[in-house]
Amino acid sequence: RYHRPYEDFDASSDEPDFPQEWYLPLMMELAAFLGPKAGVTIEERSALFAEAKAYREAALDNGTEEGSFRLQPDIR
């Protein structure tokens, strides 16, 4: 067993708790979801979602690790 809290994003040098092949799909989907706040047009967002989908499918093709994953809040 291995226990530790998720990394938070409070500095520009923080990296997500995901395998490296998921960084680009994560970034592209976040860009698409945050687009309206930045004034991105619906056409540009559609292109971002399509690109994110392609990157997500490529990341899924890398295989998955066998094992379980459980989230539990710290109730201290």
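The values are calculated or read from the model by the stated rules, or taken from the named source; none is laboratory data. Just so it is clear, the model here is predicted, and its values are computed rather than measured. Note that each Cβ is placed from the backbone with ideal geometry, even for glycine, and that neighbours are counted across all protein chains shown. For accessibility, only protein heavy atoms count, side chains too; no ligands or nucleic acids. Shrake-Rupley method; radii C 1.70, N 1.55, O 1.52, S 1.80 Å.
Any idea what angle helix 42-60 forms with the longest principal axis of the chain, computed on alpha-carbon atoms, 0 to 90 degrees, nearest 10?
That helix lies at roughly 40 degrees to the long axis.
So what is the accessible area of the chain per residue, in Å², with the probe set to 1.4 Å? Mind showing how you got there, number by number?
Numbers: 6970 Å² over 76 residues.
Accessible area per residue: 92 Å².
Only loop residues by DSSP count here, and only those with at most 12 other Cβ atoms within 10 Å; note down the GluC sites (Glu not before Pro) in the chain that meet that.
Sparse-neighbourhood loop GluC sites (Glu not before Pro): Glu7, Glu65, Glu66.
Solvent-accessible area of Phe69, probe 1.4 Å, all protein chains present, reported in Å² to the nearest ten, please.
150 Å²
Can you give me the Rg/Rh ratio for the chain, using Cα atoms for both radii and the Kirkwood formula for Rh? Write out the running numbers ahead of the final one.
On the way: Rg = 15.7 Å, Rh = 14.8 Å.
Result for the chain is an Rg/Rh of 1.05.
How large, in percent, is the carbon and sulfur part of the accessible surface of the chain at a probe radius of 1.4 Å?
After summing per-atom areas, the C and S share lands at 55 percent.
Could you tell me how many degrees, from 0 to 90 and to the nearest 10, lie between the Cα long axis of helix 23-34 and the main elongation axis, the longest principal axis, of the Cα atoms of the chain?
Helix 23-34 sits roughly 60 degrees off the main axis of the chain.
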